[in-house]
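Enquirer: After the structure tokens below, expect a handful of questions from me.
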Amino acid sequence: MTINHALYHYVRPEVVDKLTSDDLFKTLPSQATRYAYAEAILELGEKDPRIVVLDADVSKSIGTNKFAEKFPDRSFNFGIAEQNMMAAAAGMATTGLIPFASTYAVFASMRALDQVRNSIHYPHLNVKIAASHSGITPGPDGVTHQAQEDISIMRALAGSCVIAPADSPTTKQAVYAAAAYEGPVYLSFTRDPVPILFDESFPFEIGKAVTIRDGDDVAVIAMRDLVIQALIAAERLAQEEGIQARVIYCHTIKPLDTEAVLQAAQETGAVVVAENNVTFGGLGSAVAELLVANYPIPMRQIGVKDTFAESGPYLEVIHKYGLTAPHIANAVREVLAHKARFFKQPNLSAAIV
Amino acid sequence: MPASNSNHSKAPNGKMSIEDLQKMAVQVRLDIIHMIHKAKAGHPGGSLSAADIVTALYFRVMNIDPHNPDWPDRDRFILSKGHACPVWYAALAERGYFDKKHLDTLRRLNSILQGHADMKKTPGVDMTVGSLGQGLSAGVGMALAARVLKKDYHVWVVIGDGEAQEGAIWEAAMAGAKWKLDNLTVVVDNNGIQNDTFTDEVMPLGDLPAKWKAFGWHVMEIDGHDMAQIVPALEEAKTIKGIPTVIIAKTVKGKGVSFMENVPAWHGKAPNDEQAEIAISEIRRQLS
Ligand SMILES: Cc1ncc(C[n+]2csc(CCOP(=O)(O)OP(=O)(O)O)c2C)c(N)n1
């Protein structure tokens, strides 16, 4: 069956063509988004002298060592001392500089959380937290390096802005947007390569979710590395079961694009949220909180359940922990069955609107 | 791993000679290269730099029973620089805690050998590690617990020099001195390199012996690759009363493999087939 390209928006045609093939991850051009961040910050450094980069001994692993080579006077390696780095970033921000504090997500969001909360978010200082190895994207390193909670934790901070881009081009856009935004921003990147889904024409705006595949049966809302999994699930469901899923790329978890989510909920009547993050407090929770108060329809969550994961190759680990396209497809089938029962209830429309 | 209820009062302890320890360290290094090569990922540099220290502990100094890894009276060991766990896994396998065939499964799905050591998955691993700067605090806790439980086990913690940049290391150092934890010994694997590059460039540690002294610790300095210095230092540490001991061991990151020695790039990179072969033949040569 041929793929209907007209349903897709902004997704590179080469990617759409590959959505049902098993070798997608092997054959599509891909890049770990941490490296896209490193490229973007290098370009930003050129344009804006207020940009400074702070590291905590993982500059080589993220690629910010290139910034250090090019702008030695605006680069500061604090060593293995993430807490010191975060509070120092806060201090720098008070002077009008724009610090990008870079480390792995576990350490950015958890080791240094008190500094991130009390010294950065409480005074709402203009610090950008660049967090690599987000979610379970570091596979082989194992649990201590897998930040399956970072999105939930960062979302809980008052006034926070949390962005989890799906690929390298939109990561670069996110970094530029974060630099232009006034206030703290948490940027979440992958350790492992993810396919390049979009190009520079993608309309990236903080807080604006984008429909990247049309469909009216169900809405699948996804972030970071599960956007590609949502696309795969949607195309397979269309081809094999005639189910048309709308796929929404929700790169900004906070502030949530409430308009886009509510519209999708109203037009499809069923929602699945897919995130490589725990199902407590992240994107799924944000959507659930919105729906329950405004339009309570059937919904399912794909995310890490109440468990830690383990070491293994990235794709194998996320599969074992229920985060890949087949799991999303199952959630879609489940939520559609629920939707069918749900909308049979008498006087329902009066009850939910 | 079943919890054990043994009434051993003393574990059967293999006390190796210096010469046998040197040979065992060679075997441990071979296992490290084999494991990381097979996994195609891991941290060879810091595993090799700690190989002699960890070998001396497991095959001579520590009071342990490999058949009874949960023995309540055992000495405790924490590799606080948890990324170097291949050296730990090698020593545990060679000491008989688990079958060596597991070494082939490092970092694979369903393996007992996680990318950073996991106490719930690997027999003999006394503390889960991987987030730097926490193992020493756990060691302080274990040493304090020995007092509460009236046990005379000793707690051994190996930390990295880069790791000593974490403020929590110094919080633990203060606590060790406050409670006069003479059942706690730290070995600093002082190889001068961390993830990004040389420690002196990233964040200089300054005068480490003076720092530990100022924190109230008994300080020894040794060559961390000379068994004839390592063993007496570890044994002396057990005899020091009233304060905790730190042994600052000068080491070479990547020790034993010429192209890895003192090269920051080998912090977290697996050797390819050809490099692994050269590494193994170089290490083997140290047997003769
Ligand atoms: C809290 C924390 N920050 C960062 C890291 C990432 N990391 C892993 S190893 C390493 C360098 C460790 O250097 P050192 O302690 O000197 O170990 P060695 O050189 O002996 O391998 C870093 C930064 C980590 N594991 N934990």
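Enquirer: With each pseudo-label sitting 7 Å past Cα toward Cβ, what's the A:LYS320-B:GLU261 distance in nm, one decimal?
Expert: 3.8
Enquirer: Quick one: P(r) of the stretch B:18-285 from all Cα-Cα pairs, 5 Å bins, percents rounded to integers, in order of increasing distance.
Expert: Reading upward from the zero bin: 1, 6, 14, 19, 21, 18, 12, 6, 2, 0, 0.
Enquirer: Separate question: State the percentage of accessible surface on the protein assembly as shown attributable to carbon and sulfur atoms; use a 1.4 Å probe and exclude ligands, DNA and RNA.
Expert: Its accessible area is 53 percent carbon and sulfur atoms.
Enquirer: Which value at 222 nm does the protein assembly as shown reach when only helices count, each DSSP H run of 4 or more adding -39,500 (n - 2.57), with the total divided by all residues and rounded to the nearest 500 deg cm²/dmol?
Expert: It lands at -11000 deg cm²/dmol.
Enquirer: Against the longest principal axis of chain A, how steep is helix A:258-268, in degrees 0 to 90 to the nearest 10, with axes from Cα atoms?
Expert: For A:258-268 against chain A, the angle is about 20 degrees.
Enquirer: Given Cβ point charges of +1 (Lys, Arg) and -1 (Asp, Glu) and nothing else, what value in debye, to the nearest 20, does the dipole of chain A about its Cα centre take?
Expert: My answer is approximately 460 debye.
Enquirer: Please give the length that would be gained between A:LYS47 and A:ALA6 if that part of the chain were fully extended, namely 0.36 nm times their separation in residues minus their C-alpha to C-alpha distance (nm, one decimal).
Expert: That works out to 11.0 nm of additional length.
Enquirer: Enter the accessible area per residue of the protein assembly as shown (Å², integer; probe 1.4 Å; all protein chains in place).
Expert: Each residue of the protein assembly as shown exposes 37 Å² on average to a 1.4 Å probe.
Enquirer: For the stretch B:124-200, which GluC sites (Glu not before Pro) pass both filters: DSSP loop (anything but H, G, I, E, B) and at most 10 other C-beta atoms within 10 Å?
Expert: none
Enquirer: Along each principal axis of its Cα atoms, how long is the stretch A:30-195 end to end? Whole angstroms, biggest number first, please.
Expert: 39, 32, 27
Enquirer: Can you work out the base-10 log of I(q)/I(0) for the protein assembly as shown at q = 0.09 1/Å, using the Debye formula on its C-alpha atoms alone?
Expert: Log-scaled intensity ratios, in q order: -0.77.
Enquirer: Give the A-B buried accessible area in Å², both sides summed, 1.4 Å probe, nearest 100.
Expert: 2100
Enquirer: Can you give me the distance in nm between label points at B:ASN110 and A:GLN345, each placed 7 Å from the Cα along the Cα-to-Cβ direction?
Expert: Inter-label distance under the simple model: 4.2 nm.
Enquirer: Around A:ARG246, what is the net charge, scoring Lys/Arg as +1 and Asp/Glu as -1 over all other residues with Cβ under 9 Å from its Cβ?
Expert: The answer is -3.
Enquirer: Determine how large the accessible area of A:CYS161 is when every protein chain is in place; take a 1.4 Å probe and give Å² rounded to the nearest 10.
Expert: Answer for A:CYS161: close to 0 Å² accessible.
Enquirer: Checking the cross-link filter: which aspartates and glutamates have an alpha carbon closer than 13 Å to that of B:LYS120, excluding same-chain neighbours under 8 positions apart?
Expert: Those aspartates and glutamates meeting the cut-off are A:GLU310, B:ASP70.
Enquirer: Between B:ASP200 and B:THR239, what is 0.36 nm times their sequence separation minus the Cα-Cα distance? Round to one decimal in nm.
Expert: Separation in residues times 0.36 nm, less the Cα-Cα distance, equals 10.7 nm.
Enquirer: Only four residue types carry charge here, +1 at the Cβ of Lys and Arg and -1 at the Cβ of Asp and Glu. Report the dipole size of the protein assembly as shown about the Cα centre in Debye, rounded to the nearest 20.
Expert: Magnitude of the dipole: close to 1300 debye.
Enquirer: Pick out which of A:ALA174, A:ALA156, A:ALA108 has the largest mean-square fluctuation in a Gaussian network model of chain A, springs linking Cα atoms closer than 10 Å.
Expert: Of the options given, A:ALA156 has the highest mean-square fluctuation.
Enquirer: Take the residue pairs A:LYS26/A:LYS60; B:LYS180/B:LYS238; B:LYS15/B:LYS121 and return only those whose Cα atoms are more than 18 Å apart.
Expert: Correct reply: A:LYS26/A:LYS60; B:LYS15/B:LYS121.
Enquirer: Could you list, in their original order, any pairs among A:LYS208/A:LYS320; B:LYS100/B:LYS269; B:LYS101/B:LYS253 whose Cα atoms are separated by more than 28 Å?
Expert: Listed pairs above 28 Å: A:LYS208/A:LYS320.
Enquirer: Percent antiparallel among DSSP beta bridges with both residues in the stretch A:30-195, to the nearest 5?
Expert: On the way: 4 of 24 bridges.
Percent antiparallel among DSSP bridges in the stretch A:30-195 is about 15.
Enquirer: Net charge near A:ILE80: determine it from the other residues with C-beta under 9 Å of the C-beta of A:ILE80, scoring Lys and Arg +1 and Asp and Glu -1.
Expert: Neighbourhood net charge equals -4.
Enquirer: Right, another one. Subtract the Cα-Cα distance of B:LEU149 and B:MET174 from 0.36 nm times their separation in residues, and report this length gain in nm to one decimal.
Expert: 6.8 nm
Enquirer: In a Gaussian network model over chain A where Cα atoms closer than 10 Å are linked, find which of A:GLY282, A:GLY139, A:GLY91 has the largest mean-square fluctuation.
Expert: Its mean-square fluctuation being the largest, the pick is A:GLY91.
Enquirer: Normalised radius of gyration for the stretch B:47-98, please: alpha carbon Rg relative to 2.2 N^0.38 Å, two decimal places.
Expert: On the way: Rg = 10.6 Å, N = 52, 2.2 N^0.38 = 9.9 Å.
It is 1.07.
Enquirer: May I ask what percent, to the nearest 5, of DSSP beta bridges between residues of chain B are antiparallel?
Expert: So the antiparallel bridges amount to about 5 percent of the total.
Enquirer: Among the lysines, which fall within straight-line cross-link reach of A:LYS47, defined as a Cα-Cα distance under 18 Å, with same-chain neighbours fewer than 8 residues apart omitted?
Expert: A:LYS47 reaches A:LYS66, A:LYS70, A:LYS128, A:LYS172.
Enquirer: In addition: Springs between alpha-carbon pairs under 10 angstrom, Gaussian network model over chain B: which of B:ASN110, B:ASN183, B:ASN63 fluctuates most?
Expert: Looking only at B:ASN110, B:ASN183, B:ASN63, the largest GNM fluctuation is found for B:ASN110.
Enquirer: Can you compute the charge dipole magnitude of the stretch A:30-195 about its Cα centre, using +1 on each Lys and Arg Cβ and -1 on each Asp and Glu Cβ, nothing else charged? Give it in debye, rounded to the nearest 20.
Expert: So the dipole magnitude of the stretch A:30-195 works out to roughly 140 debye.
Enquirer: Can you list the residues of the stretch A:134-156 whose accessible area drops by at least 20 Å² going from the chain on its own to the full set of protein chains, with a 1.4 Å probe?
Expert: Residues of the stretch A:134-156 that lose at least 20 Å² of accessible area once the other chains are added: A:PRO140, A:ASP141, A:THR144, A:HIS145.
Enquirer: What trypsin sites (Lys or Arg not before Pro) does the stretch B:223-288 have in DSSP loop regions with at most 10 other beta carbons within 10 Å?
Expert: Listed in order of number, the matching sites are B:LYS241.
Enquirer: Follow-up. Need one number: nm distance between label points at B:LYS15 and B:SER281, each 7 Å from Cα along Cα→Cβ, rounded to one decimal.
Expert: 4.1
Enquirer: Here is a further query. Going 7 Å from the Cα of A:LYS208 toward and past its Cβ, which residues in the stretch A:170-193 have a backbone nitrogen under 14 Å from where you end up?
Expert: A:173-174, A:177-178
Enquirer: Let me ask another. Please compute the net charge surrounding A:ILE41, taking Lys and Arg as +1 and Asp and Glu as -1 over other residues with Cβ under 13 Å from its Cβ.
Expert: Once all neighbours under 13 Å are counted, the net charge is +2.
Enquirer: Here is a further query. Give the relative contact order (percent, whole number) for the stretch A:280-353; include only Cα pairs under 8 Å separated by 6+ residues.
Expert: The normalised contact order for the stretch A:280-353 reaches 39 percent.
Enquirer: Taking the full set of protein chains and a 1.4 angstrom probe, give the accessible area of B:ARG76 in square angstrom, rounded to the nearest 10.
Expert: Only protein atoms counted, so the area is about 30 Å².
The values are calculated or read from the model by the stated rules, or taken from the named source; none is laboratory data. Computed from a prediction, not measured in an experiment: that's the story for all the values here. When we count neighbours, we look across all protein chains shown, and the Cβ atoms used for this are built from the backbone with ideal geometry, even at glycine. Side chains are part of the model used for accessible areas, which takes the heavy atoms of the whole protein and leaves out ligands, DNA and RNA. Shrake-Rupley method; radii C 1.70, N 1.55, O 1.52, S 1.80 Å.
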